[in-house]
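S.K.: Below you'll find the structure I mean.
The values are calculated or read from the model by the stated rules, or taken from the named source; none is laboratory data. In this text the structure is predicted, and so the values were computed from the model without any measurement. Cβ: placed from backbone, ideal geometry, glycine included. Neighbour counts: every protein chain shown. Remember, those area values only see protein heavy atoms, side chains included, never the ligands or the DNA or RNA. Shrake-Rupley method; radii C 1.70, N 1.55, O 1.52, S 1.80 Å.
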Amino acid sequence: MTSGDGVRGSLDRRKFLRDAGGSLAAGLLVASSTTPAGAQIASEPITHGGAARPLTDQEKVKRIASNSYPIRWIFKTHSNVGDKATVADMKKKYGEITMLDYPEFTKKTFPGVTKMDLWSSLFGDPTDDSQYVKSTILGYDGKPREISEFDPSTMSGRKWLETMANKQMTTGTQCHHISNNAPRDICELDPAKRKAGVEVAKKWLDGAALLGAKSMRVNSGGRRIAPSPVADPTSYPKNPDLEVYLTNCIESFKEMADYGGKVGVKVTLENHWGLTANPINIKIIIEEVNNPFCEASPDFCNWEHKYLMYHALNDLAPYAHTTVHAKYWNRWQEPDVQRNVRIMLNNNYTGIFALEYEEGPWDGIEGAKRLYQEVLAAL
């Protein structure tokens with residue numbers, strides 16, 4: 001290399017650093033305008049900052065999906081989905097919709113967004129009882145309660161799915177992911193219950209395929225709080241009960257992933273409760289299943305303590321390829337949404353960020369709009 005080449009190389013590097021600094025400053029300005037008052041912006045190093053070109057605005061929007069869960073309050077539903085007072089207030093403010101209205105709602109509320117993350121409890125025509133099946137489950141309080149859930153395998157249920165698919169086509173939208181609560185007992189000790197839960201998941205995978213979904217969350221089921229270790233007077237503590245639940249969950253997800261591979265829909269594990277409250281259990285299940293149609297769909301805030309919010313997400317990020325829930329939830333003070341987005345990007349995540357606002361200073365729709373700006377700023 002000549003001395004002239006060396007000078008040009010030095011100038012080029014200076015220009016790159018200057019341009020990069022300008023981009024960073026612009027990003028910080030956007031961040032400061034969208035971060036809640038009083039929140040601290042934690043610095044998350046962009047370890048792959050020079051590995052790829054910046055996304056265009058259009059490309060950023062393509063990485064985002066709306067999420068029907070935080071907007072559930074305004075849906076006309078077959079069963080109650082939340083606090084009656086909140087439902088009444090939200091419907092008075094925003095009106096009432098059904099899932100068939102949601103594609104158009106997405107386009108109007110989140111400019112440019114066409115992908116959707118749909119919550120299973122909002123599926124179906126709430127006036128048609130034939131689309132629903134009744135079952136009894138245990139509530140958060142441990143008491144049994146009766147619920148009605150959409151059944152995608154019924155003739156009327158499938159007809160509704162076809163109507164929804166046509167609605168997506170006419171609006172230019174796509175069901176990207178289904179956040180599903182219907183399949184239960186996936187790690188259950190009772191073989192009959194576990195088998196029934198897997199069969200429900202298969203029916204929903206068929207329905208997800210009809211809508212063109214790329215992935216579908218399935219909860220692990222089992223005890224709401226995972227078994228704890230027991231003392232061993234001769235050695236370290238052991239947790240044989242947890243091992244049994246994990247074995248059952250692995251077998252169930254193997255079967256569901258195989259079926260998902262046939263219909264083209266991935267099954268995912270989200271950090272919820274029970275087994276999946278601990279990120280290491282999610283990693284164990286995915287690695288043991290060892291199927292490209294089984295992966296993680298991490299949620300930014302569904303953790304048991306604040307230290308998991310960033311560190312556990314970093315652990316699960318390599319196991320996520322299709323969907324994550326970009327969540328704001330003041331369960332842990334002021335979660336740094338942009339930091340979480342950067343954690344995913346640093347792990348080469350190329351999938352979709354679904355806007356799942358949970359709870360905080362805004363209502364569900366305002367919060368989802370806020371998340372939209374936060375994710376755009378971080379991308």
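S.K.: Tilt of helix 364-378 relative to the longest C-alpha principal axis of the chain, in degrees (0 to 90, nearest 10)?
M.R.: The two axes meet at around 40 degrees.
S.K.: Once Rh is set to the Kirkwood radius over Cα pairs, what Stokes-Einstein translational diffusion coefficient, in µm²/s, holds for the chain at a temperature of 4 °C and a viscosity of 1.567 mPa s? Intermediate results must be reported in sequence, preceding the final value.
M.R.: Values: Rh = 22.1 Å.
Answer, rounded: 59 µm²/s.
S.K.: Please give the FRET efficiency for ARG145 paired with THR56, using the beta carbon to beta carbon distance and R0 = 51 Å, rounded to the nearest 0.05. Mind showing how you got there, number by number?
M.R.: Details: r = 48 Å, r/R0 = 0.95.
E between ARG145 and THR56, to the nearest 0.05, is 0.60.
S.K.: Compute the angle between helix 240-263 and the longest alpha-carbon principal axis of the chain, please, reported from 0 to 90 degrees and rounded to the nearest 10.
M.R.: Helix 240-263 and the main axis of the chain meet at about 80 degrees.
S.K.: Working out 0.36 nm times the residue gap between LYS306 and THR136, then minus their Cα-Cα distance, what length gain in nm do you get to one decimal?
M.R.: In short, 57.9 nm is gained.
S.K.: To continue, here is another question. Just the projected area, averaged over all directions, of the convex hull on the alpha carbon atoms of the range 139-201: how many nm²? Walk me through the numbers before you get to the answer.
M.R.: Values: hull surface 24.0 nm².
With every direction weighted equally, the projected area is 6.0 nm².
S.K.: Between LYS238 and THR127, what is the label-to-label distance in nm when each label sits 7 Å out along the Cα-to-Cβ direction?
M.R.: Going from the LYS238 label point to the THR127 one covers 6.1 nm.
S.K.: What number, rounded to the nearest 500 deg cm²/dmol, is the helix-based mean residue ellipticity at 222 nm of the chain, given -39500 (n - 2.57) per DSSP H run of at least four residues and division by all its residues?
M.R.: -14000 deg cm²/dmol
S.K.: Normalised by the residues of the chain, what does the relative contact order come to in percent, with Cα pairs under 8 Å and at least six apart?
M.R.: 16 percent.
S.K.: Would you work out what percent of the accessible area of the chain, with all protein chains in place, is carbon or sulfur (probe 1.4 Å)?
M.R.: Result for the chain: 53 percent of the exposed heavy-atom area is carbon or sulfur.
S.K.: Let me ask something else. Just to confirm my understanding: which cysteines in the chain have no other cysteine beta carbon less than 4.7 Å from their beta carbon?
M.R.: So far as the 4.7 Å Cβ criterion goes, CYS175, CYS294, CYS301 stand without a partner in the chain.
S.K.: How high is the FRET efficiency between TYR94 and THR171 when r is their beta carbon distance and R₀ equals 30 Å, given to the nearest 0.05?
M.R.: Once rounded, the FRET efficiency stands at 0.95.
S.K.: Set the Förster distance to 35 Å, then compute FRET efficiency between TRP332 and LYS159 from the Cβ-Cβ distance, nearest 0.05.
M.R.: 0.25
S.K.: Roughly how large, in nm² to one decimal, is the mean projection of the convex hull of the alpha-carbon atoms in the range 217-319?
M.R.: Approximately 6.9 nm², given one-decimal rounding.
S.K.: Normalise the Cα radius of gyration of the range 159-294 by 2.2 N^0.38 Å (N = residues in it) and let me know the number.
M.R.: Relative to the 2.2 N^0.38 Å estimate, the range 159-294 comes out at 1.18.
S.K.: Right, another one. Hey, what angle do you get for helix 3-34 against the long axis of the chain, alpha-carbon based, 0 to 90 degrees rounded to 10?
M.R.: For helix 3-34, the angle is close to 40 degrees.
S.K.: Summing Lys, Arg as +1 and Asp, Glu as -1, what charge do residues with Cβ under 10 Å from the Cβ of THR173 carry, THR173 excluded?
M.R.: Summing Lys and Arg as +1 and Asp and Glu as -1 gives +2.
S.K.: Still on this structure, please answer the following. What's the extension gain from ALA209 to ALA231 if we count 0.36 nm per residue and subtract their Cα-Cα distance?
M.R.: On the way: separation 22, 0.36 × 22 = 7.92 nm, distance 4.66 nm.
Between ALA209 and ALA231, full extension yields an extra 3.3 nm.
S.K.: Same structure again: Report for the chain the percent antiparallel among DSSP-assigned beta bridges with both residues inside it, nearest 5.
M.R.: Among the beta bridges of the chain, antiparallel pairing accounts for roughly 20 percent.
S.K.: Here is a further query. Keeping all protein chains in the complex and leaving out DNA, RNA and ligands, what accessible area do you get for ARG184 with a 1.4 Å probe, in Å² to the nearest 10?
M.R.: 70
S.K.: Let me ask something else. Please compute the volume of the convex hull spanned by the alpha-carbon atoms of the range 98-207 and report it per residue in Å³.
M.R.: So the per-residue Cα hull volume is 119 Å³.
S.K.: Let me ask something additional. Reported to two decimal places, what Rg/Rh ratio describes the range 238-379 when computed on Cα atoms with Rh from the Kirkwood expression?
M.R.: 0.99
S.K.: Just the number please: accessible area per residue for the range 76-233, 1.4 Å probe, all protein chains included, in Å².
M.R.: 51
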